[in-house]
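Chemist: The structure is given below, and queries will be raised subsequently.
The values are calculated or read from the model by the stated rules, or taken from the named source; none is laboratory data. Here the structure is a predicted model, which means the values were calculated and not measured. In this analysis, Cβ positions are derived from the backbone assuming ideal geometry, glycine residues included, and neighbour counts consider all displayed protein chains. Remember, those area values only see protein heavy atoms, side chains included, never the ligands or the DNA or RNA. Shrake-Rupley method; radii C 1.70, N 1.55, O 1.52, S 1.80 Å.
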Amino acid sequence: MTLPARFVTFEGGEGAGKTTQIKRLGEKLAQAGIAAIATREPGGSPGAEAIRNLLVAGEVGRWDPTTEAFLMIAARRDHWLKTIKPALDAGKWVLSDRFHDSTRAYQGHGRGVADADIEALRRLAIGETKPDLTLILDLPVADGLGRAQARLKAKASGEDRFERMDTGFHERMRQGFLAIAKAEPKRCVVIDARADMDAVHAAVVAAVNERLGVTL
Ligand code: Z5A
């Protein structure tokens with residue numbers, strides 16, 4: 001039996017462990033003989049990576065919230081057309097580090113762009129496309145920023161524009177993800193990201209098995 005290709009997104013605040021968990025789920029899928037790609041937003045295609053450079057570095061006030069939402073969603077359309085859709089069409093699972101819920105949580109809940117406006121842009125950019133499963137890694141803001149800072153120091157990447165936004169912004173963004181999960185319980189699973197990496201991985205695998213009908 002051939003399994004359908006699945007689109008799985010990982011969401012949450014900075015340092016929640018999305019990159020770590022995507023790598024581990026990718027390894028688990030490979031062991032099970034399931035072809036998958038790992039990708040990220042903003043970015044994931046050459047055009048979207050170019051837009052990413054405009055978004056993740058520089059002054060906090062570089063973009064007003066609506067312009068920032070336009071840029072995120074422009075990058076998403078390119079990512080969808082050039083990377084995600086072709087992979088799904090080729091029968092590969094797609095594991096994406098962030099997708100549209102990040103725009104609703106960051107630019108919407110965090111920076112005050114109306115959800116109706118974000119959703120209008122989403123319809124224009126990607127239509128009714130939705131992930132099959134969204135795993136929201138939930139972590140207290142201070143813990144996540146601490147982890148992200150340690151990682152940034154290690155990489156010296158300078159991609160810290162969002163980390164430098166104030167704590168109130170990060171708290172609103174966290175509550176935004178939880179509100180999305182509450183509104184769409186069939187698509188979203190909230191995972192407690194305070195646990196150690198092995199425990200979070202076990203929760204990710206359990207959610208994938210239960211929601212997507214596989215046995216990893
Ligand atoms: N953004 C937006 O505003 N709107 C949008 O629509 C989209 C994005 C799509 C992208 O930055 C930024 O763009 C992002 C939101 C905004 N804001 N920020 N920052 P990014 O891709 O560079 O950043 P990120 O998505 O937040 O990734 P991150 O900081 O790398 O976090 P992560 O991927 O969730 O975590 P990690 O890299 O796996 O782990 C971070 C560190 O914690 C690392 O040292 C790990 O070894 C450690 N770690 C991981 N798991 C654990 C556990 N369980 N225990 C202890 N330590 C752990």
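Chemist: Might you report the magnitude of the Cβ-based charge dipole of the range 7-212 about its Cα centre, with Lys and Arg at +1 and Asp and Glu at -1, to the nearest 20 debye? Can you show the working numbers first?
Modeler: Working: 31 positive and 29 negative charges, 73 e Å.
The dipole of the range 7-212 has a size of about 340 debye.
Chemist: Would you kindly derive the ³J(HN,Hα) couplings of the range 208-215 from the backbone phi angles with the Karplus curve 6.51 cos²θ - 1.76 cosθ + 1.60 (θ = phi - 60°), listing them in order in whole Hz, with x for Gly and Pro?
Modeler: Each residue's phi maps through the Karplus curve to give 5, 4, 5, 7, 10, x, 10, 10 Hz.
Chemist: Normalised by the number of residues in the chain, what is the relative contact order in percent for Cα pairs under 8 Å and 6+ residues apart? Numbers along the way, then the final one.
Modeler: Details: 334 pairs, mean separation 68.8, N = 216.
Over the chain, the number comes to 32 percent.
Chemist: Accessible area per residue, 1.4 Å probe, Å², for the chain: what's the number?
Modeler: Working: 10040 Å² over 216 residues.
For the chain, the per-residue accessible area is 46 Å².
Chemist: Report, in degrees rounded to the nearest 10, the 0 to 90 angle that the Cα long axis of helix 115-126 makes with the longest principal axis of the chain.
Modeler: 50
Chemist: Straight-line reach from residue 130: which aspartates and glutamates have a Cα under 17 Å away, not including same-chain ones fewer than 8 places off?
Modeler: 11, 41, 78, 89, 97, 101, 115, 119, 184
Chemist: Please tell me which of these pairs span more than 22 angstrom C-alpha to C-alpha: 23/85; 23/182; 18/92; 85/182?
Modeler: Among 23/85; 23/182; 18/92; 85/182, the Cα-Cα distance tops 22 Å for 23/182; 85/182.
Chemist: If the chain between residue 166 and residue 49 were fully stretched, how many nm would it gain, using 0.36 nm times the residue separation less the Cα-Cα distance? Write out the running numbers ahead of the final one.
Modeler: Numbers: separation 117, 0.36 × 117 = 42.12 nm, distance 2.53 nm.
Taking residue 166 through residue 49 to full extension adds about 39.6 nm, to one decimal.
Chemist: Right, next: Hey, any idea what % of the range 7-212's accessible area is carbon plus sulfur with a 1.4 Å probe? It would help to have the intermediate numbers written out before the result.
Modeler: On the way: 5130 of 9220 Å².
Carbon-and-sulfur percentage of accessible area, whole number: 56.
Chemist: Same structure, new question: Taking the Cα centroid of the range 185-216 and of the range 75-131, what is the distance between the two, rounded to the nearest whole Å?
Modeler: If we compute the Cα centre of each part, the gap is 21 Å.
Chemist: Quick one: putting +1 on the C-beta of Lys and Arg, -1 on the C-beta of Asp and Glu, what dipole do you get for the range 1-71 around its Cα centre, in Debye to the nearest 20? Kindly include the intermediate steps, with their values, before the conclusion.
Modeler: Numbers: 8 positive and 8 negative charges, 86 e Å.
With only Lys, Arg, Asp and Glu charged at Cβ, the dipole is about 420 debye.
Chemist: Label points 7 Å out from Cα along the Cβ direction at residue 178 and residue 195: separation in nm?
Modeler: 1.8
Chemist: Scan the chain and hand back the longest stretch that contains none of the GluC sites (Glu not before Pro) lying in DSSP loops with at most 11 other Cβ atoms within 10 Å. Write down the numbers at each step before the final one.
Modeler: Details: sites that count: 59, 128.
The longest uninterrupted stretch comes out as 129-216.
Chemist: Ordering 135, 124 by accessible area with a probe of 1.4 Å, largest first, what comes out?
Modeler: Numbers: 135 0, 124 135 Å².
The ranking, largest first, comes out as 124, 135.
Chemist: With unit charges on the beta carbons (Lys and Arg positive, Asp and Glu negative) and the dipole taken about the Cα centre of the range 7-212, which residue among 30, 13, 135 sits farthest to the positive side?
Modeler: 30
Chemist: What accessible surface, in Å², does a 1.4 Å probe find on residue 28, ignoring ligands, DNA and RNA and rounding to the nearest 10?
Modeler: Its heavy atoms expose roughly 60 Å² to the probe.
Chemist: Highest GNM mean-square fluctuation, the chain, Cα pairs closer than 10 Å: which of 72, 197, 173?
Modeler: 197
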